[in-house]
């Protein structure tokens, strides 16, 4: 069983990004188990003084989930022409632990526009040495329904292709 750890970059309890994670989970076969991170809102503000051998419990648990996963899905909106601060904060907590190093990551920006956040996500994950499969879904809310069904055929086709590339990376270690 392959373990996939999913992180929504939105702090909303019900979000378009959560719907995309649910849709992607449905694309994966039964050999994949997807665990959704409860909320990025619970991660404390990054503080290098606390980034020691015994970090805050929420950070320790986050790093452990990342390390135990065979692959990571991150789906995020774009806020103010960049990544949401809460997601950037979460990523900052992983730098010293090298949690993402060598990990296959499906990086999805599902937003109204998203170009800046998409580039920022790719840049950050590259610095963190992740193996990135990325996709930008502009006008994302109009392309998925409340049942996590992607209603836009072009988006569905492209996302399935991106997910297949991610799966191949996970399976090849």
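For the subset of the stretch 122-167 comprising residues that are in contact with a strand residue (DSSP E or B) (Cβ under 9 Å, 6 or more places away or on another chain) and in a loop (DSSP other than H, G, I, E, B), which member is surrounded by the fewest Cβ atoms within 10 Å (Cβ to Cβ)? Checking each candidate, the answer is 151. Would you mention how many residues in the stretch 2-26 are touching a residue at least 12 places away in the same chain (Cβ under 8 Å), over 22 Å from residue 68 (Cβ atoms), in contact with a helix residue (DSSP H, G or I) (Cβ under 9 Å, 6 or more places away or on another chain) and surrounded by fewer than 18 Cβ atoms within 10 Å (Cβ to Cβ)? So the answer is 1. Can you confirm whether residue 163 is within 24 Å of residue 55 (Cα to Cα) and modelled with pLDDT of 95 or more? No: the conditions fail for residue 163. Would you check which residues across the stretch 57-91 are assigned to a loop (DSSP other than H, G, I, E, B), in contact with a helix residue (DSSP H, G or I) (Cβ under 7 Å, 6 or more places away or on another chain) and surrounded by 15 or more Cβ atoms within 10 Å (Cβ to Cβ) and list them? Those that are assigned to a loop (DSSP other than H, G, I, E, B), in contact with a helix residue (DSSP H, G or I) (Cβ under 7 Å, 6 or more places away or on another chain) and surrounded by 15 or more Cβ atoms within 10 Å (Cβ to Cβ): 70, 77, 78, 83. Each residue in the stretch 96-118 was checked for being surrounded by 16 or more Cβ atoms within 10 Å (Cβ to Cβ), out of contact with any strand residue (DSSP E or B) (no Cβ under 6 Å at 6 or more places or on another chain) and assigned to a loop (DSSP other than H, G, I, E, B), and 3 pass.
The values are calculated or read from the model by the stated rules, or taken from the named source; none is laboratory data. The structure presented is a predicted model; accordingly, all values stated were derived computationally and were not measured. All Cβ positions, even for glycine, are placed from backbone atoms using ideal geometry, and neighbour counts span all protein chains on display.
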